[in-house]
Amino acid sequence: MTTAFKKSDVWAAVVLIPAALVAAGCTSTTSAAGSPPPPQVEVAAVEQRDVPIYHAWIGTLDGMVNAAIRAQVTGYLLSQDYAEGSFVRKGQPLFKIDPRPFDAALAQAEGQLAQARGQLAQAKAQLLQYEAQLAQSVANQGRTQLDVDRYTPLVKQQAITQQDLDNAVQNNIANTAQIEASKASVETAKAQIEASAAAVQAAQAAVDAAKVNTGFTHLNSPIDGIAGVAQVQVGNLVTPASGVITTVSTLDPIKENFMVGEQEYLSLTRGGGNDLSKVPLELILADESTYPRKGKFSFADRQVSQNTGAIQLTGLFPNPGNRLRPGQYGKVRAAVGTTTRALLIPQRAVTELQGGYQVAVVDSANKIGIRNVKLGDRIGSTWIVAEGLKAGERVVAEGAQNARPGMQVSPKPFVEGK
C-alpha cells in the first residue's frame with residue numbers, strides 16, 4: 001500500500017520537532033536554576049567539660065638581687081677588669097681607681113698612730129716615775145714623823161733642845177707637802193695617759209679610715225651574677241656623685257613583678273583558702289612563646305598603691321643559663337580556679353554585634369537559627385558560654401557570613417587550625 005504525504009504536512013512536522021526540543025531544553029534549564037544546592041558550613045558541637053580559669057597580668061622581669069656598683073672615693077679610673085655582660089663571682093675585681101693618694105694618706109695615718117703610741121708609752125713611764133716619787137715622799141714623811149714623835153717627850157725632859165724638835169716638825173711638814181705634790185704629779189700622769197690613749201684611738205681610727213679608702217679603690221663584685229655595661233670609661237674621674245658605674249644582677253631565679261587590682265587581689269586571697277605560693281605560674285614572653293619552666297608566687301607588696309588602686313605581686317622563675325634578663329616584658333598566667341561543666345565553643349563561631357554576641361546554630365533539620373549568647377572567660381581558642389546554648393548543639397564555626405536564618409545548609413565538621 002502506498003501512503004501519500006502532502007508537502008504542507010512534511011513542512012509542519014519539520015518545524016514542530018525543533019520547537020519541541022527547544023521547549024524541553026528551556027524547561028530543564030529553568031528547573032536547574034531554581035534549585036541550587038545548600039551552602040556548606042563547618043559546624044562544631046557545644047562541648048561541656050570542666051575547665052581551669054586563667055588570669056593573666058602584664059609584668060616586667062627583674063634580677064633577684066641588683067647590686068649597683070658606685071665609686072666611694074674620688075679618683076681616676078685606671079682599669080676595667082671584667083667583660084661586660086659576663087658572669088662574675090663575688091669578690092671579683094670590676095674596676096680599679098688610682099690608689100696612690102690613698103696609699104699616701106694611709107702611710108701618714110700610720111705614722112701618726114706610731115707617734116701617738118710613743119706618747120702613750122712615755123706617759124705611762126712618767127706615771128711610774130711619779131708613783132716612785134710619791135712612795136719616796138711617803139717614806140720621808142714617815143721618818144720625820146717618827147722624829148717628831150720621839151723628840152716631843154725629850155724636850156720636856158730637856159734631853160734635847162727645842163731647836164731640834166722645831167727642826168723635826170718643819171722637816172715633817174715639808175715631807176707631808178711633798179706627798180701631796182707627788183700625788184698631784186701622779187694624777188697629772190694618769191690624765192696624760194688618758195689623753196695619749198685617746199690620741200692613739202683617734203690615730204687608729206684615721207688608719208682604719210685610710211685603709212677603707214684604699215680598699216675603695218678596688219671595686220669588686222659583691223655577689224655572683226651578670227655584670228652590666230660600664231657607664232664610665234678608663235681615664236675618667238669618678239666621684240661618689242658620679243652615679244652607678246655598672247650593675248651586677250643575680251638572675252637565677254629571676255623575678256617577675258606585676259600589678260593586680262585590689263578587687264582581683266581580694267578575690268585571689270578570699271577566705272584564706274587560696275595559698276598563692278602553691279599556684280604554678282606560666283610566663284608568656286614578648287614573642288607569645290611560653291617559657292618552658294613553671295614559676296611560683298614569691299610575695300605581695302606591703303600595701304596597695306593609693307594612686308593606682310593596685311598591689312604589686314612578685315613571681316619567681318628558674319632561669320638556668322640566664323636566658324631571661326631584667327627589663328623584659330612578660331605576661332604571667334595562672335589557673336586561679338575551675339569552672340565545672342562549662343560550655344565551650346570556638347572563638348570563630350562568635351560574632352560581635354552592637355556590644356552583644358551572636359552565634360549561628362544548626363538544628364536537626366540542618367537549618368540556620370541565630371542566638372544571642374552571653375560569654376564568659378576565654379580559654380585558649382575557645383569561649384565559655386554562660387547563657388544561650390546547650391551541650392551538644394551545633395554552631396557554625398566557618399561560613400556563617402553566608403548563612404541566613406531559616407536557610408538550609410550542608411554541615412561538615414569544623415577542624416581547628418587548618
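The values are calculated or read from the model by the stated rules, or taken from the named source; none is laboratory data. Since this is a predicted model, take the numbers as computed values, not measurements. Every residue, glycine as well, gets a Cβ built from its backbone with ideal geometry; the counts of neighbours run over all protein chains shown.
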So residue 225 passes all but one of these: (1) touching a Lys or Arg at 6+ places or on another chain (Cβ under 9 Å); (2) surrounded by fewer than 20 Cβ atoms within 10 Å (Cβ to Cβ). Which condition number does it fail?
(2)
Out of all the residues in the range 156-172, is one or more closer than 30 Å to residue 245 by Cβ and surrounded by fewer than 14 Cβ atoms within 10 Å (Cβ to Cβ)?
no
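Restricting to the range 231-258, what's the tally of residues that are over 24 Å from residue 291 (Cβ atoms) and crowded, with 18+ Cβ neighbours inside 10 Å? Walk me through how you get there before you give the answer.
From the range 231-258, those over 24 Å from residue 291 (Cβ atoms) are 231-246; that's our starting set.
Checking which are crowded, with 18+ Cβ neighbours inside 10 Å leaves us with 238, 245-246.
Selection size over the range 231-258: 3.
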Quick one: how many residues across the range 41-96 are in a strand (DSSP E or B) and of a type in the set (Lys, Arg)?
3
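Could we say that residue 136 is farther than 30 Å from residue 206 by Cα and at pLDDT below 90 here? Full working, then the answer.
Working: farther than 30 Å from residue 206 by Cα: yes; at pLDDT below 90: no.
No.
Answer yes or no as to whether residue 314 is farther than 22 Å from residue 377 by Cβ and β-branched (Val, Ile, Thr). Spell out the reasoning first.
Details: farther than 22 Å from residue 377 by Cβ: yes; β-branched (Val, Ile, Thr): yes.
Yes.
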If residue 287 satisfies every condition in (1) within 17 Å of the chain's Cα centre (by Cα); (2) free of Cβ contacts under 8 Å to residues at least 40 places away in the same chain but one, which is the exception?
(1)
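With the requirement that a residue be among the acidic types (Asp, Glu) and in a strand (DSSP E or B), what does the range 258-317 give you? Can you show your working first?
Narrowing the range 258-317 to residues among the acidic types (Asp, Glu): 262, 264, 275, 282, 287-288, 301.
Scanning the range 258-317 gives a single hit, 282.
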Residue among 396, 415 that alone is outside any strand (DSSP E or B) and of a type in the set (A, V, I, L, M, F, W, C):
415
Among (1) assigned to a strand (DSSP E or B); (2) touching a residue at least 24 places away in the same chain (Cβ under 8 Å); (3) buried (at least 17 other Cβ atoms within 10 Å of the Cβ); (4) not basic (Lys, Arg), which single condition is residue 377 missing?
(3)
Residue count for the range 57-74, restricted to those that are among the aliphatic types (A, V, I, L, M) and out of contact with any Phe, Trp or Tyr (no Cβ under 9 Å at 6 or more places or on another chain):
4
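May I ask you to verify whether residue 237 is without any contact (Cβ under 8 Å) to a residue 24 or more places away in the chain and not assigned by TED's automatic domain parsing to the domain that holds residue 125?
Working: without any contact (Cβ under 8 Å) to a residue 24 or more places away in the chain: no; not assigned by TED's automatic domain parsing to the domain that holds residue 125: yes.
Here the answer is no, as residue 237 does not meet what is asked.
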It is to be established whether one or more residues within the range 406-418 are more than 39 Å from the chain's Cα centre (by Cα) and of a type in the set (Phe, Trp, Tyr).
yes
Scan the range 219-242 residue by residue and report those that are in a loop (DSSP other than H, G, I, E, B) and polar (S, T, N, Q).
221, 231, 233, 236, 239, 242
